[in-house]
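Values in this text are rule-based calculations from the coordinates and carry no lab data. In this text, all values refer to a predicted model and were calculated from it rather than measured experimentally. Positions of Cβ are generated from backbone atoms using ideal geometry, with glycine treated the same way; all protein chains shown enter the neighbour counts.
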Amino acid sequence: MTYNLRGFTLIEVIVVISITSALMASLFTYARSGRTRVELATQHVAAAEALFRAKSLALNTFSRGNVPVCGWGVHFETGRYVIYRDIRTAGAVNCTDPGGSDKRYTPPPPGGPDTEAFRAVTLPLVLRFTALPVTDVLFLPPDPIVYMNGCSTGPLAQFPNGVCAPPAPRPPLWNMTITLGIVGGTLTKNIRI
């Protein structure tokens, strides 16, 4: 009796299935990593664009004349950023007068309206701002003058305790970098201010 031995043995089938499974698992991991990298790059560009938009809005506000908006800025938090308008303090004649503006984003009271927010962007769950030496960047027309954390970037520097003081041996504000990164990962993108 003669047997026709065409086909695969059980061992050969198991080996082929295991190799195929390993290749598919690595492909899915790579695709997920690629999607996260694209999301990081997209949000990096969007956050940098928010800074340019705030600067453009500040210049536009100045050209409109007498409005209660002093300037426009971007407020950064760990999981979101807000393009905001800095509103002139009630009773102040000029935005540059002492007390004319707080030069920072003021969050709304609980349950109250957010009068300063223009556009709030929440980051995807996999992304966070990991290094925030500056939380508020404000552009005050006409030049525009740049304020970071409420302090002018001209002759003043920002100290960690939030007090504006003469420059000290630390990096000047205009060399600050905000870092956007993947949660639990090492891949980051920097936004230089």
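Numbers below:
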quantity	calculated
Cβ-derived FRET efficiency at R0 35 Å, E12 paired with R80, nearest 0.05	0.05
Within segment 1-143: Cβ-based charge dipole about Cα centre, in debye rounded to nearest 20 (Lys, Arg +1; Asp, Glu -1)	340
Extension reserve of the T89-R192 stretch, reckoned as 0.36 nm per residue once the Cα distance is removed	34.1 nm
